[in-house]
Each structure stands twice: as C-alpha cells, then as structure tokens.
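Note sheet for the following structure.
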Ligand SMILES: Cc1cc2nc3c(=O)[nH]c(=O)nc-3n(C[C@H](O)[C@H](O)[C@H](O)COP(=O)(O)OP(=O)(O)OC[C@H]3O[C@@H](n4cnc5c(N)ncnc54)[C@H](O)[C@@H]3O)c2cc1C
C-alpha cells in the first residue's frame with residue numbers, strides 16, 4: 001500500500017464583453033427563445049460514440065497536432081493526442097459518471113485548506129476580513145481534530161458582512177465523523193502551499209460547497225486574473241515556439257473557462273427569491289464565444305487526465321482509508337475503473353504527450369522559470385477575497401500543480417517515468433479538479449451548440465435598427481424563464 005504524503009514545505013478590466021438588448025425585443029422574443037432552447041436541448045448534441053472506429057487510428061500513432069483544426073471542435077485537440085469527438089464520447093459515457101460518484105466518497109469529499117487570506121503580493125484590499133469573522137476563530141478545544149467528531153459550525157447571521165454581504169460566498173464547514181489516516185512528508189516544487197498543520201487548516205466537505213456563482217466580481221477578482229495572466233502566464237503570441245509557456249497559459253485559461261462555466265451553470269438569477277439556474281448569456285459571453293477558451297478547456301482536461309493515468313500504478317495501490325471499509329472499498333474500485341477503463345484506453349490511450357517538453361539545452365532553466373510562475377499563481381490564491389472562490393481556486397490550482405508534479409517530476413530524485421510521492425490532499429485535489437473539468441467539458445459538448453445558436457440569433461436580431469433606441473442588459477431575466 002502506498003501512503004499519501006504530507007508536505008512540510010516552509011512558507012516561502014479588460015473590456016467586459018457585454019451586449020445590449022432592446023427592451024421591447026425582450027418581451028416579444030422571450031417565449032420564442034425559451035421554446036428554441038427546449039427544442040435544441042431535446043436534440044441532444046452529445047457526440048455519438050466512435051470509440052470502436054477510433055481505436056486503430058488513435059492507438060497506432062499519437063498524432064500530436066500543433067496546428068488547430070479548421071473545423072470548430074473537430075479533429076485532434078491542439079498539442080494533445082485525442083480528438084474532440086472521442087473526448088466527448090468517453091467523457092460522457094465513462095469518465096463523468098465515474099468521477100461524479102468518486103467525489104462523493106468520504107475520501108474524496110474532504111479537502112484540507114487554509115481558508116483565510118494572507119496575500120503576499122498586496123495589502124488587504126478591504127475585503128480580506130474573513131479571518132476575523134470566519135469559523136476559524138473557534139475555541140481551541142474544537143481544533144485540531146475536526147474529523148474525529150461531528151463538527152457543525154457556520155457563519156452567524158450577523159457575520160454576513162464579512163462575506164461582502166454575500167452569504168453564498170461563505171464556505172460551509174460542516175463535517176461528519178469520518179477520519180483520515182496515512183501521512184508521510186514530501187514537497188511539491190510546483191505549488192506554494194504551506195500545509196503545516198499549525199491549527200490554521202480547515203477541513204471542508206466539498207459536497208456542501210459547490211463551485212458556483214458567489215457574487216465575487218469587480219476590481220478585486222479582476223486583479224487576480226490580471227496578475228495571473230500578465231505576470232505569470234502571458235498569452236503566447238502566434239508563432240510562439242516555446243511549447244512549455246504555451247502549456248502554462250493554456251492550463252490557466254482552461255481552468256478559467258471551467259470556473260466561468262460553473263458560475264454560469266449555477267447562477268443566482270434572482271436574489272429576492274433566491275432563484276438559482278443557468279445563465280446562458282454569461283456562459284456564452286465568457287466562454288463559448290471564444291473558441292480558444294473552449295479549446296483550452298479540452299486541453300486542460302486531457303492534461304490532467306494524462307497525469308491521472310500516468311500515476312495509475314501509484315493511485316491503484318494507494319490507501320483510501322477513512323475508517324469505513326465499505327466506502328473505502330468502493331473508492332478503490334471506482335479509482336481502478338477510472339484508471340483502467342478499456343473505453344478510455346482505446347479512445348484516448350495517451351491524452352497528452354509530456355515527453356516532448358523540456359527538451360533542448362534550456363530545458364532545466366525553463367522548467368525552473370515556469371515552476372516559479374506556477375508557484376506565484378498558487379500563492380495568488382491567498383489574495384482571492386471570496387472564501388468559497390478561494391477554496392475552489394486553491395483546490396484546483398493544487399490539482400494542476402499535482403498534475404505538473406506527476407508529469408514533470410522531478411527534482412532529480414525520481415526517474416521521469418516513475419510517479420512521485422503524492423500527498424493525500426494532492427490526490428483529492430487532482431480528482432476533484434478532473435471532475436470539475438469533466439463537468440465543464442460535458443456541459444460545453446452537450447449544450448454549447450444550442451446556446452451558441454440562440455445567442456448568435458439574438459445578436460443578429462438585436463443589431464437590426466428597427467429595435468429602437470432603448471437598450472438594456474436583459475440576458476439574466478430572459479434566461480430565468482428557461
Ligand atoms: C481563483 C478564482 C476563483 C473564482 N471562483 C469564483 C467562483 O467560484 N464563483 C464566482 O462567482 N466567481 C468566482 N471568481 C470570480 C470570476 O472568475 C470572475 O472574475 C468574475 O465573475 C468577474 O468576471 P468578468 O466578466 O470580469 O471576467 P473574468 O472571468 O474575471 O475574466 C477577466 C479577463 O480575463 C480574460 N479571460 C476570461 N476568461 C478567460 C479564459 N478562459 N482564458 C483566457 N482569458 C480569459 C478576459 O480578458 C476577461 O476580461 C473567481 C475568481 C478567481 C480569481
């Protein structure tokens with residue numbers, strides 16, 4: 001059995017895309033649009049399974065394409081070894097159902113995280129007050145054994161001010177009595193996490209804290225994304241030859257797409273009635289209308305999937321021990337089904353070919369540089385001033401850092417082909433990240449075409465001059481009807 005390890009690493013607006021809607025048009029078109037959405041949804045554009053026919057073509061040669069296909073989301077995914085159709089198919093049939101079940105198991109639903117922010121890059125921007133009002137100010141005797149007894153704490157109502165008046169941004173810290181075991185010490189050169197359990201860490205039940213709309217927006221959120229992109233992974237220019245820098249940008253962009261998709265898929269449509277639902281306009285505005293963001297999502301998904309499959313032996317033998325035999329056996333079985341799934345192996349035997357990177361003389365230097373940039377991105381998560389966003393931001397960046405560690409290990413100690421030692425929290429982050437990405441890919445694959453159709457029609461309709469001069473943003477109310 002492999003024990004998971006514990007790190008004791010020392011601490012070391014662009015123009016917002018908006019359209020306007022004529023108010024009269026909104027009233028007249030709402031019903032038609034709703035019908036169109038329903039009709040389009042009924043068609044179910046999920047790609048049919050092509051696994052059988054793809055076995056030979058994919059398995060024999062990994063044709064990692066460096067040029068984007070001309071068709072939209074067709075053919076080989078750029079810099080990967082799988083095509084869009086296979087990914088949609090194998091994700092819908094195999095990966096998504098397995099991952100959805102896996103993340104509900106006791107082992108994978110608890111994540112250990114330091115929730116309050118100690119932003120190392122800029123002073124408190126006025127919204128980082130969570131430490132004073134969050135449940136981490138609990139009496140000493142309630143900590144540090146949160147997983148050994150039922151643990152029910154939530155934000156008192158009068159502390160909502162600490163969430164910028166947005167209760168949906170607060171993390172629910174309720175836990176149950178499941179326990180974890182099995183800890184060793186190790187380090188991840190890609191991340192900035194200080195996992196020293198000095199009483200600042202909180203165990204969070206992820207199922208109680210879905211990634212969705214929280215109301216976190218404006219300069220504070222923009223500052224984080226700006227810092228990530230401009231300082232740590234600038235968009236590569238066309239013709240950029242440095243594959244490694246491209247990879248970093250695409251990983252972050254793909255993650256960003258996935259976060260936006262989750263916000264749009266579970267959006268607070270009406271605060272007064274607490275009505276939640278899909279915000280299709282937002283989905284289109286932030287992701288679907290930019291094909292490169294969708295492509296980067298698929299890329300990130302395959303990259304993380306490749307890390308999982310590369311670490312298959314390690315993950316298969318790991319201890320999924322929470323003290324509940326039945327659940328733990330189920331977890332182990334699900335992990336095996338995921339790692340050794342024949343359909344996955346046939347459709348996408350090598351999702352990403354990491355062996356091509358870090359070649360050449362400057363390889364080691366470049367790796368150090370990119371590692372540093374990724375560590376900065378990891379540290380930036382402590383500047384996210386919305387608690388729930390910080391939770392998912394930290395988890396997913398740790399998941400990416402774990403994938404990088406698996407694929408590009410190592411610091412000289414491990415052989416490149418070996419899987420490095422992983423921390424339990426890294427494995428939890430990796431699997432939960434893969435599940436987030438899988439959900440996003442499924443969403444885009446199944447609903448993207450119909451959303452794009454509807455939105456394109458609305459754009460062309462609204463650009464006609466007969467619609468009058470009174471414009472307003474009405475997408476959210478429009479889609480409440482759906
Ligand atoms: C780590 C993190 C986690 C977050 N989690 C949540 C959450 O769980 N719930 C929530 O409601 N809000 C969350 N937010 C806030 C959310 O991501 C947006 O910042 C916010 O909704 C405002 O959106 P926006 O329209 O200003 O564009 P943003 O999404 O903030 O994007 C900023 C700019 O980045 C560029 N950009 C956008 N998408 C991409 C992409 N895929 N690839 C490349 N460039 C891109 C565009 O130029 C865009 O104008 C999070 C923010 C961060 C930094």
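Numerical summary
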quantity	calculated
Selection status of residue 335, modelled with pLDDT of 95 or more, more than 16 Å from the ligand (Cβ to nearest atom) and touching a helix residue (DSSP H, G or I) at 6+ places or on another chain (Cβ under 7 Å)	yes
Some residue of segment 105-114 being assigned to a loop (DSSP other than H, G, I, E, B), touching a helix residue (DSSP H, G or I) at 6+ places or on another chain (Cβ under 8 Å) and modelled with pLDDT of 90 or more	yes
Filter result for residue 282 (in contact with a strand residue (DSSP E or B) (Cβ under 9 Å, 6 or more places away or on another chain) and part of a helix (DSSP H, G or I))	yes
Pairs with Cβ under 6 Å, 6+ apart, first in segment 365-384 and over 19 Å from residue 118 (Cα atoms), second more than 16 Å from the ligand (Cβ to nearest atom) and assigned to a helix (DSSP H, G or I)	366/244; 370/244
Qualifying position, being touching a helix residue (DSSP H, G or I) at 6+ places or on another chain (Cβ under 9 Å), surrounded by 15 or more Cβ atoms within 10 Å (Cβ to Cβ) and over 27 Å from residue 75 (Cα atoms), among 284, 298, 320, 290	320
Among (1) within 30 Å of residue 266 (Cβ to Cβ); (2) surrounded by fewer than 21 Cβ atoms within 10 Å (Cβ to Cβ) - the single one residue 397 does not satisfy	(2)
Residue match in segment 228-242 (condition: under 20 Å from residue 395 (Cβ atoms), within 8 Å of the ligand (Cβ to nearest atom) and in a helix (DSSP H, G or I))	yes
Selection within segment 52-100 - part of a helix (DSSP H, G or I), modelled with pLDDT under 50 and closer than 24 Å to residue 356 by Cβ	54, 55, 56, 57, 58, 59, 60
Counted residues, segment 358-394 - those being away from the ligand (no atom under 14 Å from the Cβ), assigned to a helix (DSSP H, G or I) and surrounded by fewer than 21 Cβ atoms within 10 Å (Cβ to Cβ)	11
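The values are calculated or read from the model by the stated rules, or taken from the named source; none is laboratory data. Keep in mind that what you see is a predicted model, and the values were worked out from it rather than measured. For neighbour counting, all protein chains shown are included, and Cβ atoms are generated from backbone atoms with ideal geometry for every residue, glycine included.
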